[in-house]
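Before any comments, here is the structure.
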Amino acid sequence: MTVAARRRPLALVAAVATAAAALGATALIAPAAHAAGGPPPMTLKDGTLGWGLKKSFRDYVEGGFANGAVSVADGARRAADGSFAFTDGKGAYDMSTHAVSSTFKGSVRFTGHDGELDITFADLKLAGDAGGKTGRITADVTKDGTTQDDVPIAALDLAAAKRTMGAGGKVTFDGIPATLTAEGAKVFSYQGRSMYKQGAELDKATFTTTAVTDAQPQPEPKPKPKPKPSEGGDEKKDAGTSKEAGASKNDGASKNDGAAKGDGAPKGDKALAKGDDKPVSGTVNDGRLDWGLKKSFRDYVTGGFAQGKAEVFGDATKLADGYRFTKAGGTYDTVTNTLDVAFKGEVRFTGHEGQLDLRFSNFKVKAAGSGDATLSADVASKGTVTLAKLKVDANALKARNGVVTLSAVPATLTAEGAGVFSYQGRAMYKEGTALDPVTLAVTVGGNAKLPAAAAGTPAGGGGAKGGVTGEEASLAATGAGMPTGALLGGAGALALAGGAAVYATRRRSALAKG
């Protein structure tokens, strides 16, 4: 067989595998493997698992209630957002069965409640079963002085992750959905009570690894036979084919991703500005406030530890990520650039067999163009409490077509608010802790109308009817068992296969030239 004839199958394997990874064409796995003479074993190296376990648990430990601390060791690092990076991952991937395994270095320890809470996670592993139908993260867990090896903590769905390929066989799975296992629910416990239920949503994970074939490319026998003129022409054509295979480095994704920078937003803002009404001041006629207070508090109440519930009453509605309060009233002044508005509806949190009972109503937002803004509420037995400081842009209060809109405004807990979020006399969060962002829209002027709410936002029934809470609805949607999405099957498997095939092809090509 000539040199050119040998190169054609290799270039074809790389091109097919890379194209399949981009298109998610599962059916191309078998032809690609067959063209290479059977699927070679693959080694995973230089892996990193980025994962925060569960943000609400980190907040619980560090936020004041447990008066605790979080520390990393043995090669683990902590990111600015509080999550962790477990490093030096090593493992294997089977192209025939799509089974995958990778073990990482590093440990993380959570301590609190004057030493009564002490949990360490070490020797984390990411694994996918044969067939690529289920996946999980396990860890060696040390709790109450006892270590249990390879405890399943999280169930994974890599099929839902964003997959990208880089040079040298590097593959990244970003935003991997993770849910709590039954065994994991027992780990996240204090005084014998689980803080979260099986199926609770955990932080999403990121898995980065480099995949290489174990089969070593063999150099061409020397001396090389001189190619005939026709073969020389084929080599040039084949070299062009290899360049096409190598083009998978960018895979076109970066250009598409870059297109999102514009996203039409700036043009839309300008269009709105052109359509602005003349400056209006006066009475707020209608409006809505979307706010979840703090997600970790909602999880604490409804997730199992407090064994409680969240209910809405009056003109409030449950949303998938919080609550909506409606029928706004108040004033807006375009001259002083100020807004003073109140919303109707109540939300009540109960738990710990009635020992925890918090009821919030009459939510008010006061904002000025200077950037100073607050959010307050009437809290049962405590009166009106300023719960949050809001960070409002100076131009955010400008009315457009008679509507003032604030979108995802950052909110932080006040000292007064910290006293509200407490149990048995101990504050759960410190002053300055980030709360859920605040979104509102209010109308000023008789002809102004509220913009339509996002479709599908409400979760569960609202008003005084009660029913399933928004958080409980989210838990039900995740399911109580292991997810059935493919771990590394389909496009995920091809991403690994394609990355390694391209890498192996380049190495063979380089050896052949030498």
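Some observations on this one:
- The range 308-321 residues that are under 14 Å from residue 453 (Cβ atoms) and not assigned by TED's automatic domain parsing to the domain that holds residue 197, paired with ones that are among the aliphatic types (A, V, I, L, M) and part of a loop (DSSP other than H, G, I, E, B) (beta carbon under 6 Å, 6 or more apart): 318/459; 319/459; 320/459
- If you filter the range 398-456 down to residues that are touching a residue at least 24 places away in the same chain (Cβ under 8 Å) and of a type in the set (Asp, Glu), you find that the one that is nearest to residue 286 (Cα to Cα) is 436.
Every residue, every condition in (1) modelled with pLDDT of 95 or more; (2) farther than 22 Å from residue 58 by Cα, yes or no:
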| site | (1), (2) |
| --- | --- |
| 282 | no, yes |
| 285 | no, yes |
| 297 | no, no |
| 361 | yes, yes |
| 368 | no, yes |
| 372 | no, yes |
| 380 | no, yes |
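- Of all residues in the range 159-198, those satisfying the criterion of being closer than 19 Å to residue 60 by Cβ and under 21 Å from the mean Cα position of the chain (by Cα) are 178, 179, 180, 184, 185, 188, 195, 196, 197, 198.
- Within the range 390-408, the set of residues being under 26 Å from the mean Cα position of the chain (by Cα) and on the phi < 0 side of the Ramachandran plot comprises 390, 391, 392, 406, 407.
- Evaluating residue 327 against the criteria (1) at pLDDT below 85; (2) surrounded by fewer than 21 Cβ atoms within 10 Å (Cβ to Cβ); (3) at positive phi leaves one unmet condition, (1).
- Residue in the range 381-397 that is over 27 Å from residue 282 (Cβ atoms) and touching a Lys or Arg at 6+ places or on another chain (Cβ under 9 Å) present: yes
- The range 286-314 - residue that is aliphatic (A, V, I, L, M), under 18 Å from residue 324 (Cα atoms) and touching a helix residue (DSSP H, G or I) at 6+ places or on another chain (Cβ under 8 Å) and, of those, surrounded by the fewest Cβ atoms within 10 Å (Cβ to Cβ): 310
Yes/no matrix, rows are residues, columns are (1) part of a strand (DSSP E or B); (2) more than 22 Å from residue 401 (Cα to Cα):
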position	(1), (2)
418	no, yes
432	no, yes
435	yes, yes
438	yes, no
441	yes, no
446	no, no
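- Conditions (1) farther than 30 Å from residue 430 by Cα; (2) modelled with pLDDT of 85 or more; (3) in contact with a helix residue (DSSP H, G or I) (Cβ under 6 Å, 6 or more places away or on another chain); number of the one not met by residue 231: (2)
- Scanning the range 84-100 turns up one or more residues that are in the same structural domain as residue 158 (by TED's automatic domain parsing), under 23 Å from residue 181 (Cα atoms) and not in a strand (DSSP E or B).
- With respect to being crowded, with 20+ Cβ neighbours inside 10 Å and farther than 30 Å from residue 428 by Cβ, residue 100 fits the description.
- Selection status of residue 408, at pLDDT below 95, not acidic (Asp, Glu) and not in a strand (DSSP E or B): no
- Members of the range 46-59 found to be touching a helix residue (DSSP H, G or I) at 6+ places or on another chain (Cβ under 7 Å) and either among the charged types (D, E, K, R) or farther than 15 Å from residue 81 by Cα (or both), listed by number: 55, 59
- Which numbered condition residue 437 misses (of (1) within 24 Å of the chain's Cα centre (by Cα); (2) outside the structural domain of residue 334 (by TED's automatic domain parsing)): (2)
The values are calculated or read from the model by the stated rules, or taken from the named source; none is laboratory data. In this text the structure is predicted, and so the values were computed from the model without any measurement. With ideal geometry, Cβ positions are generated from the backbone for all residues, glycine too; neighbour counts draw on all protein chains shown.
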